[in-house]
Amino acid sequence: MLGKMLFSALLLLCCQQLVMACDACKKKQAVVLGGLTHGKTPDSNWDYLIVVVMVVIVLVTLFYSVKWLIRPGEKSADHIKQFILE
């Protein structure tokens, strides 16, 4: 277990330079996301709004997926899950 964690940490440290923006890309980027990615950052505030809305949707979906996976809540004896489990 410790070996896997150490390997993962070393891999992430070594690959950091590959995912961070190069000097040419940093000059083209906005202040908010500067240096995080290669290429151009969003042009307008609408682009940021779209990204924020999508992140919220993904996080809400993830929350409810995990919540209903851990505690499904169907307790009636005639629920279809009871037929599958038996």
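The values are calculated or read from the model by the stated rules, or taken from the named source; none is laboratory data. All figures in this text were calculated on a predicted structure; none of them were measured in a lab. All Cβ positions, even for glycine, are placed from backbone atoms using ideal geometry, and neighbour counts span all protein chains on display.
Of everything in segment 65-76, what is loosely packed, with under 10 Cβ neighbours inside 10 Å and assigned to a helix (DSSP H, G or I)? Give them in sequence order.
Once the filter is applied, which keeps residues that are loosely packed, with under 10 Cβ neighbours inside 10 Å and assigned to a helix (DSSP H, G or I), segment 65-76 yields 69, 70.
Which of the residues belonging to segment 15-50 are modelled with pLDDT under 75, part of a helix (DSSP H, G or I) and surrounded by fewer than 13 Cβ atoms within 10 Å (Cβ to Cβ)?
Those that are modelled with pLDDT under 75, part of a helix (DSSP H, G or I) and surrounded by fewer than 13 Cβ atoms within 10 Å (Cβ to Cβ): 15, 16, 17, 18, 19, 23, 24, 27, 28.
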